[in-house]
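Down below is the structure, laid out as structure tokens.
Derivation of every value follows stated rules applied to the coordinates shown; laboratory data play no part. Because the structure is a prediction, the values reported are computed rather than measured. Using ideal geometry, Cβ is built from the backbone for each residue, glycine included, and neighbour counts are taken over all protein chains shown.
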Amino acid sequence: MISSSFCIFETMIQKKKSFTVDEIKRKLENYCVYQDRCHKEVEQKMWDYHLIPEAKEMILLSLMKDNFLNEERFAKSFARGKFRIKNWGKQRIVNALKFKDISAFTIKIALKEIDEVAYKETIYRITKNRNEVIKETNIYKRKKKLIDFLMRKGFESDLIYKTINEVVS
């Protein structure tokens, strides 16, 4: 039993393909071209290839120099996308960007991509839609459910209360 397990493990090790630094660099360039990436995602991908620190640094510098990797561009497109597609609020976007190790300065720039008028229209629209779906008859429980929903979406509490008072009567 032990010898068969060892053979399987040995064949798994043999199947692992090794790449040159140039091949990995091209793979990471394609990875970055497909979609904007942050440094953390690229570093995770490099970690999967088991690169030595010198090679990682060389590839990272090359990706930044050739503009395949741009943290500000990533943060801006991330903020725009999460707001427009998933209707996330600013707080949730900020938390997600912090999780990806984006600097506070870059996060501040990224949030400027969100139009204030569209932001308020979005919270009003999703509050109204959610209010129609909630079957709760007790007005206070209904408001609590709406508040919880909008908090999970990442909207600011003062904006939430203002919107709920307009929508729920």
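Odds and ends about this structure:
- Farthest positive-ward along the chain dipole, Cα basis, beta-carbon charges - from Ala79, Ser62, Tyr161: Tyr161
- Modelled label reach - Lys98, point 7 Å along Cα→Cβ, the range 136-158 residues with backbone N closer than 16 Å: 152-157
- Charge dipole (debye, nearest 20) of the chain; +1 at Cβ of Lys and Arg, -1 at Cβ of Asp and Glu: 920
- Averaging the sequence gap over all C-alpha pairs within less than 8 Å and six or more residues apart, then dividing by the number of residues, gives the range 118-169 a relative contact order of 46 percent.
- Under 5 Å, built H, 5+ apart or other chain: amide partners of Trp88: Phe83
- Here the sum of -39500 (n - 2.57) over DSSP H runs of 4 or more residues, divided by the residues of the chain, equals -24000 deg cm²/dmol at 222 nm, to the nearest 500.
- Ordering of 106-114, 161-169 by packing [mean C-beta count within 10 Å, highest first]: 106-114, 161-169
- Full-stretch length increase - Ser157, Tyr49 - with 0.36 nm per residue and alpha-carbon distance subtracted: 34.5 nm
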